[in-house]
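Colleague: To start, I am sharing the structure in question, which I have written as structure tokens.
The values are calculated or read from the model by the stated rules, or taken from the named source; none is laboratory data. Because the structure is a prediction, the values reported are computed rather than measured. Heads up: the accessible areas ignore ligands, DNA and RNA and are worked out on the full protein's heavy atoms, side chains in. Shrake-Rupley method; radii C 1.70, N 1.55, O 1.52, S 1.80 Å.
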Amino acid sequence: MTEVAKLILDGKELELPVITGTEGEKAIDIRSLRQQTGHITFDPGFGNTGTCRSAITYMDGEQGILRYRGYPIEQLAEHSTFVETAFLLITGQLPNRDELIRTSVDLNDFSTLHENMKAFYQNYPPKAHPMGILSAMVNAMRSFYPELQDDVEEEMNKTYLRLISKIRTMAAMAYRITKGERVVYPRPDLCYCANFLNMMFDSAVVPYYMDDDLVRALNVFWILHADHEQNCSTTAVRVVGSGKVNIYSAISAGISALWGPLHGGANQAVISMLERIHRDGLTIDECVAKAKDRKDPFRLMGFGHRVYKTYDPRAKIMKKMCDIVLSKVSQADPLLDIARRLEEMALSDPYFIEKDLYPNVDFYSGIVLRAMGIPTNMFTVMFAIGRLPGWISQWKEDWSDPEMKISRPRQIYSGALVRDYVPMSEREPAN
Ligand code: CMC
């Protein structure tokens, strides 16, 4: 028997179907609510709103669980590579050996950029933020690679790999050009992550030394960021994509959404916060007091999450990665020390305990990236490269879901009631 929820409104009883997911989570299907009652639901920030059925990522915020296509994040971080995880997210299955080789060959074939795209970089002001550049470049890909046909699966599979391959080249190129350095092209003998590090840091005078542990750390960093169900940027991709715009434009919208400091920009904001504490000599007590003060806009960046009400499982893995990477680069980082003390203090403070505020993935990821030599303004770009397979799989799922419609929420109007236009001569002068 189908489970229903009963709603009593204006003295009338209404039955609404209950939808149950494979992990037992439940939703009240309110699609007929407005038609039957004239009411809509009100949920700013969508904290209680399911916008789709999705078979990609499962999260349990209370228990700190994260799985891609059923596989626990801890197992993927330990055994998988970023390319394999991207394949898993997009196709739903782990690749066999031949599929993985074919994917690597395609990623290599697609790794260079149209030479004319370089002109874009050269004309950006030197201080332009790389996220703004990346978002514009991904949107521009539609013009440079226009041949895609959204309804031909084979072509779309190539488009997904083209995006995954080129985003890494675009990111590294943005860095080199803004530094005034020669562009390093991708090499066919290097894997996805090693290639990125080489494109970023190789130099004619000091060849980049490839450290397997750093390559592994980058794989893990990107695996941890690869998807996170219906977060702000993924929702942006789905909402923009629901108008049936091409995939490049939908992904470009996702990159813009990710840029914000409350979302992907938090990894950069964490480092800025730690640097400020270090520079200004603030004590940990002072920081925690500022974060708790409701009149002070200061928040402890890298703490809190809309869904996780316990330790973010990605943060646990990132914390371990942090120790490995720091031992490799053999540099003591005073910011790490501040981060550790902040974490300890916040985890035992009643304000943070009562509000379920735990470290999220960004708390440690900034330190890992910094130790790898990635400049702070590239941190959110690193997040974007990692999140791309998730955006692609969510866009693909949305595109082929017969239940999906163009996104068009409603509102509760709270403005002026109808009034007549007032001619200029009759208006009150400004004070
Ligand atoms: N420091 C101090 N207080 C906080 C913090 C924080 N980092 N986060 C939330 N709070 C307080 C907030 O002031 C509010 O207090 P009150 O109930 O007294 O009004 C309460 O906790 C609930 O916060 P909220 O803003 O209503 O929660 P939200 O679910 O809307 O926001 C968040 C989630 C991640 C935007 C927020 O926790 C935050 O701003 N954190 C810092 C930024 C950050 O680290 N973002 C990265 C998120 S993880 C990466 C990703 O997946 O995007």
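Colleague: Express in Å², to the nearest 10, the accessible area of F352 obtained by rolling a 1.4 Å probe over the protein heavy atoms while all chains stay in place.
Modeller: Number for this one is 10 Å².
Colleague: What shape does the chain take by its C-alpha gyration tensor, where a ≥ b ≥ c are the square roots of the eigenvalues and a/c under 1.5 counts as rounded, a/b above b/c as prolate, and the rest as oblate? Could you put the intermediate results ahead of the total?
Modeller: Values: a/c = 1.43, a/b = 1.26, b/c = 1.13.
Here the chain falls in the rounded category.
Colleague: Build a GNM of the chain with springs between Cα atoms under 10 Å: which of I90, I251, I177 gets the top mean-square fluctuation?
Modeller: Of I90, I251, I177, the Gaussian network model singles out I177 as fluctuating most.
Colleague: If you average 1/r over every pair of different alpha-carbon atoms in the stretch 68-151 and take one over that average, what Kirkwood value in Å do you get?
Modeller: Numbers: mean 1/r = 0.0634 Å⁻¹.
One over the average 1/r among Cα pairs gives 15.8 Å for the stretch 68-151.
Colleague: I'm a student and want to see the number: the projected area of the Cα convex hull of the stretch 224-336, averaged over all directions, in nm².
Modeller: Numbers: hull surface 37.5 nm².
For the stretch 224-336, the mean projected area of the Cα convex hull comes to 9.4 nm².
Colleague: Taking the alpha-carbon centroid of each part, what is the distance from the stretch 146-188 to the stretch 319-371 in angstrom?
Modeller: Each part's Cα centre sits 32 Å from the other's.
Colleague: To continue, here is another question. Just to be sure I understand: with springs between alpha-carbon atoms less than 10 Å apart, which residue in N360, N231, N195 has the highest mean-square fluctuation in the Gaussian network model of the chain?
Modeller: Taking springs between Cα atoms under 10 Å, the residue moving most is N231.
Colleague: Per DSSP H run of at least 4 residues, take -39500 (n - 2.57); add these up for the chain, divide by its residues and hand me the 222 nm value, nearest 500 deg cm²/dmol.
Modeller: On the way: 18 runs with 221 residues, N = 431.
Mean residue ellipticity at 222 nm (helix-derived): -16000 deg cm²/dmol.
Colleague: Another question, then. Which percent of the accessible heavy-atom area of the chain goes to carbon and sulfur, probe 1.4 angstrom?
Modeller: Numbers: 11940 of 22690 Å².
Its accessible area is 53 percent carbon and sulfur atoms.
Colleague: Run the numbers for R142 and Q411: contour at 0.36 nm per residue of separation, minus the present Cα-Cα distance, in nm. Could you put the intermediate results ahead of the total?
Modeller: Details: separation 269, 0.36 × 269 = 96.84 nm, distance 3.31 nm.
So the chain would gain 93.5 nm between R142 and Q411.
Colleague: In the calculated pair distance distribution of the stretch 253-306, what percentage of Cα-Cα distances lie above 15 Å?
Modeller: Values: 761 of 1431 pairs.
Distances greater than 15 Å cover 53 percent of the Cα pairs.
Colleague: Once the Cα gyration tensor of the stretch 321-374 is found, what semi-axes does its equivalent ellipsoid get, as square roots of 5 times the eigenvalues, in whole Å, sorted largest first?
Modeller: On the way: eigenvalues 126, 24, 11 Å².
Listed largest to smallest, the semi-axes of the stretch 321-374 are 25, 11, 7 Å.
Colleague: State in Å² the accessible area per residue of the stretch 319-403; use a 1.4 Å probe, count heavy atoms of protein chains only, and round to the nearest integer.
Modeller: Details: 3160 Å² over 85 residues.
For the stretch 319-403, the per-residue accessible area is 37 Å².
Colleague: A further question follows. Counting only heavy atoms of the protein chains, get the accessible area per residue of the stretch 134-257 (1.4 Å probe) and round it to a whole Å² value.
Modeller: Details: 4500 Å² over 124 residues.
On a per-residue basis, the stretch 134-257 sits at 36 Å².
Colleague: At 20 °C and 1.002 mPa s, grab the translational diffusion coefficient of the stretch 4-50 from Stokes-Einstein with a Kirkwood Rh over Cα pairs, rounded to a whole number in µm² per second.
Modeller: Numbers: Rh = 11.8 Å.
The calculation lands on 181 µm²/s.
Colleague: Ranked from the most accessible area to the least, with a 1.4 Å probe and all protein chains present, what is the order of K355, K127, K158?
Modeller: Numbers: K355 110, K127 195, K158 70 Å².
Most to least solvent-accessible, the answer reads K127, K355, K158.
Colleague: So what are the stretch 206-272's ellipsoid semi-axes, whole angstrom, largest first, if each one is the square root of 5 times an eigenvalue of the alpha-carbon gyration tensor? Don't skip to the end; give the middle numbers.
Modeller: Details: eigenvalues 164, 48, 27 Å².
Sorted largest first and rounded, they come to 29, 16, 12 Å.
Colleague: Additional query: Could you tell me what fraction of 2.2 N^0.38 Å the Cα radius of gyration of the stretch 316-431 comes to, as a two-decimal ratio?
Modeller: Normalised Cα radius of gyration, the stretch 316-431: 1.87.
Colleague: Just to be sure I understand: with springs between alpha-carbon atoms less than 10 Å apart, which residue in T22, T380, T159 has the highest mean-square fluctuation in the Gaussian network model of the chain?
Modeller: T22
Colleague: How much accessible surface does E84 have with a 1.4 Å probe, in Å² rounded to 10?
Modeller: Roughly 40 Å² of E84 is accessible to a 1.4 Å probe.
Colleague: Here is a follow-up. Would you check the accessible area of R53, probe 1.4 Å, heavy atoms only, in square angstrom rounded to 10?
Modeller: Its accessible surface works out to 120 Å², give or take rounding.
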